[in-house]
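Notes follow once the structure below has been shown.
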């Protein structure tokens with residue numbers, strides 16, 4: 001599928017995937033093998049406090065039935081339908097918020113992880129985006145599977161008897177444009193378990209995320225400065 005260059009979320013690059021799902025305000029790279037997103041790419045939107053969380057979880061019928069998840073797959077699993085693109089990140093209007101509840105944007109997350117450290121990191125990124133020196137904030141995130149560790153699964157789709165593997169961890173990479181014309185980058189890898197550690201504990205070089213996921217991040221950015229930035233672990237904002 002050819003993605004128009006005019007889509008703002010892909011300005012600094014977009015990894016490959018089995019199916020690219022272009023929504024109005026974010027992009028999903030979907031994996032047929034894992035029956036969930038390989039990555040989710042967004043620009044953080046300004047917050048509109050008058051828009052409440054829509055909560056209309058639903059299948060994404062653009063995905064072929066064989067590879068699509070449904071609500072029943074998560075039912076009784078003990079795992080949350082964890083947002084990759086956070087509902088709170090997309091609150092300009094109700095339609096924009098509603099888009100984030102497509103199941104193509106969900107991944108099985110441990111409840112304490114989803115409602116704890118992952119939620120905290122999402123809030124941290126929104127606070128970064130609100131700083132006066134930040135023009136725009138790009139975020140890409142997704143699951144990580146460690147194939148030298150057991151990978152469990154949830155759900156059974158009645159049509160094809162295929163379950164959804166549970167990620168061992170998740171990554172998030174944040175790229176910001178500042179009012180001085182610079183590009184700053186932060187990346188995180190967080191195990192899919194409960195933790196009381198602060199979010200800055202999980203900072204890693206962006207190159208490490210690329211190594212573990214097998215995808216190239218921010219591929220439209222080239223040069224020595226970008227390569228150095230990918231090896232850097234910046235302080236939290």
Can you tell me how many residues in segment 193-210 are within 25 Å of residue 13 (Cα to Cα), part of a helix (DSSP H, G or I) and out of contact with any helix residue (DSSP H, G or I) (no Cβ under 8 Å at 6 or more places or on another chain)?
2
For segment 68-94, how many residues are over 19 Å from the mean Cα position of the chain (by Cα), part of a helix (DSSP H, G or I) and either within 17 Å of residue 137 (Cβ to Cβ) or in contact (Cβ under 8 Å) with a residue 60 or more places away in the chain (or both)?
2
Scanning segment 211-232 residue by residue, those in contact with a strand residue (DSSP E or B) (Cβ under 9 Å, 6 or more places away or on another chain) and either within 18 Å of residue 84 (Cα to Cα) or part of a helix (DSSP H, G or I) (or both) turn out to be 212, 213, 215, 217, 218, 225, 226, 229, 230
Counting only residues that are touching a residue at least 40 places away in the same chain (Cβ under 8 Å), farther than 22 Å from residue 144 by Cβ and surrounded by fewer than 18 Cβ atoms within 10 Å (Cβ to Cβ), how many does segment 15-42 have?
1
Can you pull out the residues in segment 102-115 that are surrounded by fewer than 18 Cβ atoms within 10 Å (Cβ to Cβ) and either assigned to a loop (DSSP other than H, G, I, E, B) or in contact with a strand residue (DSSP E or B) (Cβ under 7 Å, 6 or more places away or on another chain) (or both)?
111, 115
Got a sec? Which of 138, 170, 146 is farther than 16 Å from residue 30 by Cα, at pLDDT 95 or above and in a strand (DSSP E or B)?
138
Taking residue 183 as the residue in question, decide whether it is surrounded by fewer than 19 Cβ atoms within 10 Å (Cβ to Cβ) and touching a strand residue (DSSP E or B) at 6+ places or on another chain (Cβ under 8 Å).
yes
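The values are calculated or read from the model by the stated rules, or taken from the named source; none is laboratory data. Predicted, not measured: the structure shown is a model, and the values here were computed from it. Cβ coordinates were reconstructed from backbone atoms using ideal geometry, including for glycine residues, and neighbour counts include every protein chain displayed.
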